[in-house]
Amino acid sequence: MFDRFEEFDIATTDTSIHGCRGGDGPPLLLLHGIPETHLMWHRVALRLAERYTVVATDLRGYGDSGKPPGTADHEPYSMRAIGRDQLKVMQHLGYGRFGVVGHDRGACCAYRLALDHPNAVLRLAVMDVVPVGDAYNRADKDFSLLYRQWSFLAAPEPAPEQFINAAPANLVDFMLDTWSEVTSAFPAEVRGNTSINSAIPIRCTPSARSSAHPQPGTTSRTRRIAGSGGSPALCSFSGVSAARSANSMVTARDLAGVGR
């Protein structure tokens, strides 16, 4: 699926990040959305690799990247912490300055990365994202019905976790099927054909800081979309996907500061 790309697992401050790298040219970091992994880029990565050195990663809490336990202040799953992972990965690979493309959840991470490290981010492109705080402030009936997952995942724990754990694969498939205009965008080899172990979403909660935008001028082996064999499964919406493992629990409110 990612022919001629090399896989890697890189240790960051408090977790590890899985991804792959391929191509030749200026470095370009690809950050996926929800409920996906780096495999969401499988149809464009090879074409981009003709002009760029492409790095595609699983954000913390997703796929084969680490899933550190949450804390009372939700810092391990703040956008700042997630963005810091990506900076460490790029530095480890030898790239001090690079372009970033973010989709959905990855776009929120890309915003924070560009704000915190403007000297590292040469160019920024974001897709399918709006500031979460602004979205809640402007929500009406149509928004509430179309994006009902936002309210569902923001409900007090443990109700969303229990509902999702009852049939996590159903929710992941529902998201991929209903949000994709191209029906073949997520084929079986991307989704995986084994059952998902378990899923615990992190809330999609608003933050006063989530409306921040970058400053002007900031211009292989197949892995499952929602976890892999032996790994906790992931599924959520525009908050962040998280997972329960044998030794730790990521709580549902670990995304209290989306824009932090």
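What follows is calculated from the coordinates using simple rules that are stated; it is not laboratory data. Since the structure is predicted, the reported quantities are computational estimates derived from the model, not experimental observations. Cβ placement follows ideal geometry from the backbone for every residue including glycine, while neighbour counts extend to all protein chains displayed.
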### Inter-probe distance in nm under a simple model that places probes 7 Å from Cα toward Cβ, at Ala125 and Thr71
3.6
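First select every other residue whose beta carbon is under 14 angstrom from the beta carbon of Asp128; then total the charges, Lys and Arg +1, Asp and Glu -1.
Values: positive: Arg105; negative: Glu36, Asp104, Glu181.
So the surrounding residues net to -2.
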## Note on the structure
The residues Phe5, Phe152, sorted from fewest to most surrounding Cβ atoms within 10 Å, come out as Phe152, Phe5
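If you rank Cys108, Cys20 by fewest surrounding Cβ atoms within 10 Å, what's the result? Kindly include the intermediate steps, with their values, before the conclusion.
Working: Cys108 28, Cys20 24.
Lowest count first: Cys20, Cys108.
Just to confirm a number: summing +1 for Lys and Arg and -1 for Asp and Glu over residues other than Cys109 whose beta-carbon lies under 11 angstrom from that of Cys109, what do you get? Display every interim value, and only then the final one.
On the way: positive: Arg60, Arg80, Arg84, Arg105, Arg112; negative: Asp85, Asp104, Asp116.
Value of the local net charge: +2.
Could you list Thr37, Thr15 in order of exposure, starting from the residue whose Cβ has the fewest other Cβ atoms within 10 Å? Walk me through the numbers on the way to the answer.
Working: Thr37 28, Thr15 18.
Placing the least packed residue first, the sequence is Thr15, Thr37.
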### Query
Given H placed 1.01 Å from N in the peptide plane, which residues other than close sequence neighbours of Val126 have an amide H under 5 Å from its amide H?
Gly102
